[in-house]
Every structure is written in structure tokens, then in C-alpha cells.
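Novice: This structure is in C-alpha cells; I'll ask about it shortly.
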Amino acid sequence: MRPLEGIKVVTLEHAIAAPFCTRQLADLGARVIKIERPEGGDFARGYDKRVNGLSSHFVWTNRSKESLGLDLKDSSAASVLDALLEDADVLVQNLAPGAADRLGLSYEALSERFPRLIVCGISGYGPDGPYRDKKAYDLLIQSESGFLSVTGSQNEAAKAGCSVADIAAGMYAFTSILAALLQRQQSGRGTKIDISMLESMAEWMTFPLYYALNEQPAPPRTGASHATIFPYGPFTAGDQKEVMLGIQNEREWKAFCEIVLERQELATDERFNSNPNRVTHRLELRGIILDIFAGCSADEIAARLDRAGIANAKVNDMQDVWQHPQLQARNRWSEVETPAGMVPALLPPFTASGFDARMDPVPSLGQHTESILAELGFSTDLAPLTAQA
């Protein structure tokens, strides 16, 4: 039995943050009913066609769910929603600012009729404050949270290559819902959860915020290198392959000098004998390291780093990750069914004794409309409810 079997989640979601949250709940066994517009559905379905004609974002965040086509503006929708919520445990939404309130789906509007219901709203900036009504997308929140100011090269800011603001909000929503379910076991009542993408990213930015406390300079943008620890980042070997390495303390620095660089005297060089000094003189030290690495292959450097007990890694691209030997050795790849056939899928990043993660199909738009309506006792011939794109 999976931990969340018997938990019913109703979700009015689109894009990434809320779907990523509810997919985690589905992974653990929750029944997730995803309400979509009958025409077009979740707009993330149309982001691209890279997965056998389906959207990569949608396939990633929507397995193991049921899709109900429902026009929320239709007069029939309210009674269907009420019936869905009658035995629901969780309602999740990341609609446009104020939309849930206008639909009567706020915690305040629902808690009297459904006292055990947990209501989780995910928004860009939160349900109040001067930014409440601003539209929020992942890149915009990366910008507002200061993430772009410390990410990229010296001359140009760079966004993260994946949806970090959406992922942050989705994961905080997921863990908050788990906590609310535990709390309900004690109190017997549901609760209201508000998750802000900005606040989620601001939490992730707390190290650079503290680093810049009291108007001190913020960490500089340093590409793939660490802004405040050196050497920590990518270095090119003689075969033009890159090796990623990181020095965390003075013991490792000494071993790095003796075993990897084979320059024992550098360990006590006044320019490099502490991390602050190495950061100050990073250009000189980088030049020394690159000169030595130029006479070695990446594999030779990695072997030296391993002998010295220095953390290191390959700089992989996407094709390398598909074939990653560690993921393969640990059998982390599975498959899921989609409307376009079976596709590979990474298992959730946990292993637990006693149950396996749920890996059920990715639904087509409105695939479960008729069965859900029949289950609730509604006619399935209502055009606004059954129409599909």
C-alpha cells in the first residue's frame, strides 16, 4: 500500500508548479483528478512536441492523473465541483490571481461545507500585497528573486536551464500538503496553504542574501564556478574535455596541491593558503591549474582527484544523462504509457521499503470525463463537460 492511497486530490492546474506538486502526490498513491478546459486543456500540453508529438513539460508533470474536461464558466460546473469536493482531501489550484475566489473555491468559501478539506493555492507573489495581481512566470520570478543577479557570466546574466521557480513552489506545496494531512490526523480539520513562487525562490536565495547582508557586495556572477569558494568549478584538460571539481577545506586543498597538481609548495603559498585568499587570487590560481591540466587528459585528472579524495564530476549533456551509468546501475529508469505510446520515465528520487512509486499513464485531454461524471451521478451528455479539443 502506498502512503497516500485513499487520498483524493482535486486540482485546477496548469503549467508546472501545481502539476509538479500533484504529480508527487500521485507518485505516493493519491488519486489526482486534474480539471482541464474542454478546449485545449492545460496550456502546457502545447509547449512543444518533443515526446512523440507530446509536450515534454506535460509528460514530465502529469503521469498517474485523471483528466476531467470541465468548463468552469458553465453553470453546470459548480455542482460537479461540489460533488468532487464532497469526499476530497485536497484542493490545489494555481489559477490566475483572484480566479479561485471568484469561482467560490477559496478556503474561506469552502471550509464550512468541507471542514476536512486542505486548500492549497500556488501563485506568483501571494494572495495579498502590491504584487498580488501581477502575472508570474518562471523566468520573471528568477528575475524578481535576485537569482539572475548571481547566475551567469561576468558580462551576462543567465536563467537556470530548468524551471527552478516552478519546481521550488511545487515542492513547497507538496511538502506543505503532506504536513497538513498529518496535522488533520490530530485536529480533524483541513487547513489553508498559500505558496508563493517569489517566497519559495527567496528562501533558496538566502545564502547570497546573507552574503550581501548590511549592503556588502553580493556574490559575483562566475559562470559555472562557485562565486565564493575556489577552486570550485569547471577546468579544461589537455584533451579539451572539462572536469568539474570542488575544494571544500584546507585538508582537501593540501591534498589537491600534493597529489593532483604535484606542486606541494602551493599549499602554503600566501596567495592561496586560505579560501578567501584563493578567491582574491582566483585568476592567478586558475592559470596555474590550467597550465598543469594542459598536460593531462580529463580521465587522468579525474583519477588523480579520486586518489586525493577530491570531489569531481563530468560535465554531462542530456544524452550523457540518458545513458548515465549510475542511473542505469540503480535501475532508476522505468516507462510510462502516454497517448503517444510508451516513453521512458525516471523513477521518483526516493526508494522506500514496502511500496513502489506509482507510474501510471499520462492522460489525454478529458480522458476520464465520462467515468468521473458517471461516478458522481451526473449525465455524460452535457456538451460543456465532455467536449474535447
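Novice: Does any residue of region 196-212 turn out to be outside the structural domain of K134 (by TED's automatic domain parsing), over 22 Å from the mean Cα position of the chain (by Cα) and in a helix (DSSP H, G or I)?
Specialist: Yes, there is a match, as at least one residue in region 196-212 is outside the structural domain of K134 (by TED's automatic domain parsing), over 22 Å from the mean Cα position of the chain (by Cα) and in a helix (DSSP H, G or I).
Novice: In region 1-44, which residues are within 16 Å of L117 (Cβ to Cβ), in contact with an Asp or Glu (Cβ under 6 Å, 6 or more places away or on another chain) and of a type outside the set (V, I, T)?
Specialist: K8
Novice: Hey, another quick one. May I ask you to say which residue of L91, L95 is in the same structural domain as A26 (by TED's automatic domain parsing), modelled with pLDDT under 95, crowded, with 18+ Cβ neighbours inside 10 Å and not in a helix (DSSP H, G or I)?
Specialist: After applying the criteria, what remains is L95.
Novice: Filter region 111-146 for residues that are touching a Pro at 6+ places or on another chain (Cβ under 9 Å) and at pLDDT 95 or above and give the result.
Specialist: G121, S123, G124, Y125, G146
Novice: Output the residues belonging to region 162-177 that are surrounded by 16 or more Cβ atoms within 10 Å (Cβ to Cβ) and not β-branched (V, I, T).
Specialist: Result: S163, A165, D166, A168, A169, G170, M171, Y172, A173, F174, S176.
Novice: Right, here's the next one. What number of residues in region 109-164 are among the hydrophobic types (A, V, I, L, M, F, W, C), farther than 22 Å from N94 by Cβ, over 18 Å from the mean Cα position of the chain (by Cα) and part of a helix (DSSP H, G or I)?
Specialist: 1
Novice: If you don't mind, there's one more thing I want to ask. From N52, N62, which residue is in the same structural domain as E335 (by TED's automatic domain parsing) and surrounded by 21 or more Cβ atoms within 10 Å (Cβ to Cβ)?
Specialist: Being in the same structural domain as E335 (by TED's automatic domain parsing) and surrounded by 21 or more Cβ atoms within 10 Å (Cβ to Cβ) holds for just one of N52, N62, which is N62.
Novice: For region 203-238, which residues satisfy the criterion of being farther than 20 Å from E252 by Cβ and in contact (Cβ under 8 Å) with a residue 40 or more places away in the chain?
Specialist: Those that are farther than 20 Å from E252 by Cβ and in contact (Cβ under 8 Å) with a residue 40 or more places away in the chain: W204, M205, P208, L209, A218, P219, P220, R221, G223, T236, G238.
Novice: Which numbered condition trips up R330, out of (1) closer than 28 Å to H226 by Cα; (2) without any contact (Cβ under 8 Å) to a residue 12 or more places away in the chain?
Specialist: Only one criterion is unmet by R330, namely (1).
Novice: Further, regarding this structure: Residues that are under 24 Å from G6 (Cα atoms), buried (at least 16 other Cβ atoms within 10 Å of the Cβ) and of a type in the set (V, I, T): does region 139-161 have at least one?
Specialist: No; the residues of region 139-161 include none that is under 24 Å from G6 (Cα atoms), buried (at least 16 other Cβ atoms within 10 Å of the Cβ) and of a type in the set (V, I, T).
Novice: Considering only region 230-240, state which residues are in a loop (DSSP other than H, G, I, E, B), surrounded by fewer than 16 Cβ atoms within 10 Å (Cβ to Cβ) and not charged (D, E, K, R).
Specialist: G238, Q240
Novice: So F293 passes all but one of these: (1) of a type in the set (F, W, Y); (2) within 30 Å of P219 (Cβ to Cβ); (3) free of Cβ contacts under 8 Å to residues at least 12 places away in the same chain. Which condition number does it fail?
Specialist: (3)
Novice: For S123, work out the one condition from (1) buried (at least 18 other Cβ atoms within 10 Å of the Cβ); (2) free of Cβ contacts under 8 Å to residues at least 60 places away in the same chain it doesn't fulfil.
Specialist: Exception for S123: condition (2).
Novice: Let me ask you something else. Checking the condition surrounded by 13 or more Cβ atoms within 10 Å (Cβ to Cβ), among the basic types (K, R) and out of contact with any helix residue (DSSP H, G or I) (no Cβ under 7 Å at 6 or more places or on another chain), which residue from R251, R263, R278, R286 passes?
Specialist: Exactly one of R251, R263, R278, R286 is surrounded by 13 or more Cβ atoms within 10 Å (Cβ to Cβ), among the basic types (K, R) and out of contact with any helix residue (DSSP H, G or I) (no Cβ under 7 Å at 6 or more places or on another chain), namely R286.
Novice: Any idea which of (1) in contact with a Lys or Arg (Cβ under 9 Å, 6 or more places away or on another chain); (2) farther than 22 Å from A357 by Cβ is the one E39 doesn't satisfy?
Specialist: The single condition E39 does not satisfy is (1).
Novice: In region 249-288, how many are of a type in the set (S, T, N, Q) and assigned to a loop (DSSP other than H, G, I, E, B)?
Specialist: Counting residues in region 249-288 that are of a type in the set (S, T, N, Q) and assigned to a loop (DSSP other than H, G, I, E, B) gives 3.
Novice: Name the residue that is surrounded by the most Cβ atoms within 10 Å (Cβ to Cβ), counting only residues in region 181-202 that are without any contact (Cβ under 8 Å) to a residue 60 or more places away in the chain and hydrophobic (A, V, I, L, M, F, W, C).
Specialist: A202
Novice: If we scan region 181-190, do we find a residue that is within 15 Å of the chain's Cα centre (by Cα) and within 26 Å of L91 (Cβ to Cβ)?
Specialist: no
The values are calculated or read from the model by the stated rules, or taken from the named source; none is laboratory data. Fair warning: this is a prediction, and the values are worked out from it, not measured in the lab. Backbone-built Cβ (ideal geometry, glycine too); neighbour counts: all protein chains shown.
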